[in-house]
Amino acid sequence: MSWLALSLSLYAVSVITLTYTSVSSFASISAGQLCTLQNSFEPSFVAQGDFVIGGIFPLHYNQEMPDLNCTYRPPPVKCNGFDPRAFRWAQTMRLAVEEINQSPELLPNYTLGYKIFDSCAYPLTGQRAALAVLNGLSEAESPMCSSSYPLLAVIGESGSAQSIVVSRLLQPFRIPMISYFSSCACLTDRRKYPTFFRVIPNDDYQVRAIAQLLVHFNWTWVGLVRGDHEYGRFAVQGLLRELQGTKVCVAYQEMIPLLYNQQRALEIISLAKVVVVFSAEGEMTPFLRDYMAQNITGIQWVASEAWVTASVFTGSEYYPYLGGTIGFGIRTGHISRLSNYLQTINPQKYPNNPLVQELWEALYGCSPSLSSASQLPLCLGQESLLEQHSAYMNTSSPRVAYNAYKAVYAIAHSLHNLLHCQPGSGPFENNSCAQSNSISPWQEVKFTIAGEEVNFDLKGDSIPYYDVINWQRGTSENIEFINVGLFDGTKPAGDELLIEEDRIMWAGHQSEVPVSVCSASCPPGSRKAVRRGKPVCCFDCVPCDSDSIECTFCPENFWSSEDRTSCIPKKVEFLAYDSLGIALTVISAVGACLTIAVFAVFFHHRNTAIVRVNNSELSFFILFALTLCFLCSLVFIGEPTVWSCMLRHTAFSITFSLCISCILGKTMVVLAAFTATRPGNNIMKWLGPKQQRAIIFSCTLVQVVICAAWLIDAPPYPSRNIKYERSKIILECSVGSSLAFWCVLGYIGLQAGLCFVLAFLARKLPGNFNEAKFITFSMLIFCTVWLAFIPAYISSPGNYADAVESFAILGSSFGLLFCLFAPKCYIILLKPEQNTKQHLMGKEKKEHVTASQHRDKSEGKIERSL
Ligand code: TRP
């Protein structure tokens, strides 16, 4: 409020300035100092006082356009559509002045006067009113002529467009103005409007509130309509700014043209369900009349503060079209004497005041005086004003009227402070009091009216606070303004808006929140596809596919249902005890049992030639290893765990290694035995039972070492493979280190290969029972199985890879078992007569004496070696 105070301090100076620099078209200072007013504009209400406050109110909605061709004197302004609401505001200003004059505390020794003018809600008329405020009422009284008319400040104007004009006019004279209704954000510019103050919050807060309201109710497709003035322009601009980054899209922005055009207005209405309107009732009336004539209902209006409490639309005929309107109204206050004061005004008390006549005409439809131009029936003018005449008598929650009231008090308090300035503690340089025209900021004006503290911020604006108002049906079918929430701009962002949703009645007398969207949101399982060239709120829904960003992806262990609407857990698969698992188990059990059976047979016939001749100890070793081999295929079945994973490959590789080492040992012995028959070759000395064991042990040890290194460094671990099939999780053992895995297999392969080569060399050695032949054969099978295994293993997924490995183990084990032991078992069990040393050595045939001699020797050696 510093500027207000400052400007007040200079009023004396400004009045003097005014006297000499006044606009010459309004006052001409002739050579003989004769001062004549060129035009007169009658005030609506006047009261004299030591200090005079100007008041400008839109007492009519509009005016007939004057013919301003500048060739003759403009005719007096002719206004239409008396506005009882604005008349009430003017009366509230008068009441405030009267209260101050009666107050013993505020300005005790001074009286305030006022001059109230009608602006007809039109900027040009507002300008005339402002000039009329500056001028006196008559030439004799004119400050232009007498320099005796201290104009303190101006209360006004209502619309921002008018305030801008008035402010520009008052600026050179440094006369402060306080607006009670001009909320345009544009007026915050202190450089352009240095003497402008207001008791209404800046529209930046209102547009923020409206944006939050739209977001709150999920109205994403809204139309914006505005009047053709600064207020509308800046509000729409602000709202668009606030809506940026929200999901609300603007379907259209339209302007109600100043020269009303029905065609355009109708086009506007049919587009969106929710329509935000920044306009005042005057210009909205023809627009709404056309809307109603079209019989379109169901539009949800969002009203700005300018019309949300306008009484013009409260008639019952409006309810079907405007009922449910929601918007932000400025804060209400309490003026205790207002109702009584308003009732004191009647045509008898003011017989010459045309406005009071018009009030009567508007409220009672009758004319209290004969002189009136209207054709209305006559009435006494003593009719009592009741609450029902709400356009005028609505005093329960004064909003704009309260602003006008506050504005008068603000001026009075400022003046009071200036006049009662203690020398040495004043607002100006060196704490001096008024009279000095040096400029420096002063104290703030802060005061309380009926318990409410009135305060202004640095920009001259007041505290942002709005009521959420909803238009509901009243008892007599008329529209009532119901308070359903509030917006408190002083609260932290997010907490500002508070709405009691269940108390709201929506357009079309609905209790459901209306829906205003361009396209309904997509059902789960589909995604938005924005239409080319259309706002983002308008889209089609297309089914989700794997690379659509907006679709929600199922978590890792879930898979989308067939209709893509929900996530279902993925199937977990591993080589379980299902048909495959059971088959494997049965086969390995059969294999193991067969091996044990063979073991038993051999053990039982351990003293027979065939067992003895072929190195029984090694055979038992092989059978033992084979049993383990069969059993280790079982480790591959079942859910992989840390232990089973580590066991799988290592157990298998070590048992196989053991098995092949034994076979290798056996092959070496067979080979050695026959080569040793040549004279001078005592190789058998190096292949005694101890050495054989050592060979087996050391060959197996190599594998054990590889396995140990594998387990220590990078042991196999259970893992969930989700890559192979999207709908399944495959539980498998990851090898940990593939190098180790292939080393282990490679080592077995190496052993098998070596064994094959040696056996191959020995395959043609004489004798009825040449074991080398069978070993060759078994190794052939073994190698084939494992060679076939590699591609099958690599190409099969998780659980099948385990099955493949298991089958390879079983297959190769069976191969070994059958090739090595079936012929022997056959002889033992079915051909016991052949189970003699002679037969085995082929002695009966004696086809070659030397050979038989050799064989005798070698047999001896073989036997010895056993
Ligand atoms: N807050 C509006 C404004 O600043 C209120 C208003 C009053 C209005 N009279 C008007 C808006 C006339 C448009 C037209 O302008």
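The values are calculated or read from the model by the stated rules, or taken from the named source; none is laboratory data. Note that the structure is predicted; figures quoted are calculated from it, not measured. Don't worry about glycine lacking a Cβ; one is built from the backbone with ideal geometry, like all the others, and counts go over all protein chains shown. Each accessible area value is taken on the protein alone, full model and side chains, heavy atoms only, with ligands, DNA and RNA left out. Shrake-Rupley method; radii C 1.70, N 1.55, O 1.52, S 1.80 Å.
Ordering R208, R73 from largest to smallest accessible area (1.4 angstrom probe), what's the sequence?
Largest accessible area first, the list is R73, R208.
At a Förster radius of 35 Å, what calculated FRET efficiency corresponds to the Cβ-Cβ distance of V757 and I790, to the nearest 0.05?
On the way: r = 20 Å, r/R0 = 0.58.
Efficiency for this residue pair is about 0.95.
A straight line joining the Cα centroids of segment 175-200 and segment 478-515 runs 29 Å.
Taking K534, K115 and ordering them by how much accessible surface each has at a 1.4 Å probe, largest first, produces K534, K115.
Close amide-amide hydrogen proximity is noted between L731 and E573, F574, N721, each under 5 Å apart and 5 or more residues distant or on a separate chain (H modeled in the peptide plane; Pro and chain starts excluded). In the complete set of protein chains, residue-level accessible area for W219 is approximately 0 Å², probe 1.4 angstrom. Couplings for segment 705-716, taken from phi via the Karplus curve 6.51 cos²θ - 1.76 cosθ + 1.60 with θ = phi - 60°, read 5, 4, 5, 4, 4, 4, 5, 6, 7, 9, x, x Hz in order; Gly and Pro are left as x. Beyond 18 Å, what share of the Cα-Cα pairs of segment 511-654 is found? Please give it as a whole percent. In whole percent, the share of Cα-Cα pairs in segment 511-654 beyond 18 Å is 74. Of V400, V312, the order by accessible heavy-atom surface (1.4 Å probe, DNA, RNA and ligands excluded), from most exposed downward, is V312, V400. How big is the gap, in Å, between the Cα center of segment 58-86 and the Cα center of segment 516-575? Between the Cα centres of segment 58-86 and segment 516-575 lies a distance of 62 Å. Counting only heavy atoms of the protein chains and using a 1.4 Å probe, H229 has close to 40 Å² of accessible surface. Using the Cβ-Cβ distance between Q262 and T111 with R0 set to 45 Å, the FRET efficiency from 1/(1 + (r/R0)^6) comes to roughly 0.30. Extension gain for the segment A293 to Q343, taken as residue separation times 0.36 nm less the Cα-Cα distance, is 14.4 nm to one decimal.
Extension gain, Q375 to T490, is 36.2 nm, computed as 0.36 nm per intervening residue step minus the present C-alpha separation. In this structure C825 has an accessible area near 20 Å², from a 1.4 Å probe over the protein heavy atoms. Mind listing the phi-derived Karplus ³J(HN,Hα) values for segment 777-793, rounded to whole Hz, using 6.51, -1.76 and 1.60 with θ = phi - 60°, and x for any glycine or proline? Listing the rounded values in order: 4, 5, 5, 4, 4, 4, 5, 4, 4, 6, 5, 5, 4, 4, x, 5, 5 Hz.
Annotation: per residue accessible area for segment 526-572 equals 76 Å², rounded to a whole number [probe 1.4 Å, protein chains only]. Between N721 and A583, how high is the FRET efficiency from 1/(1 + (r/R0)^6) when r is the Cβ-Cβ distance and R₀ = 22 Å? Nearest 0.05. Computed FRET efficiency for N721 and A583 comes out at 0.45.
Taking amide hydrogens as placed 1.01 Å from N in the peptide plane, the amide H of N202 sits under 5 Å from those of S462, each at least 5 positions away in sequence or on another chain. Going down the list K528/K723; K247/K528; K247/K273, which pairs span over 23 Å between their C-alpha atoms? Check vs 23 Å cut-off fails for K528/K723.
Place a point 7 Å from Cα of A708 in the direction of its Cβ. Which residues in segment 641-656 have their backbone N less than 20 Å from it? Within reach of a label on A708: 646-656.
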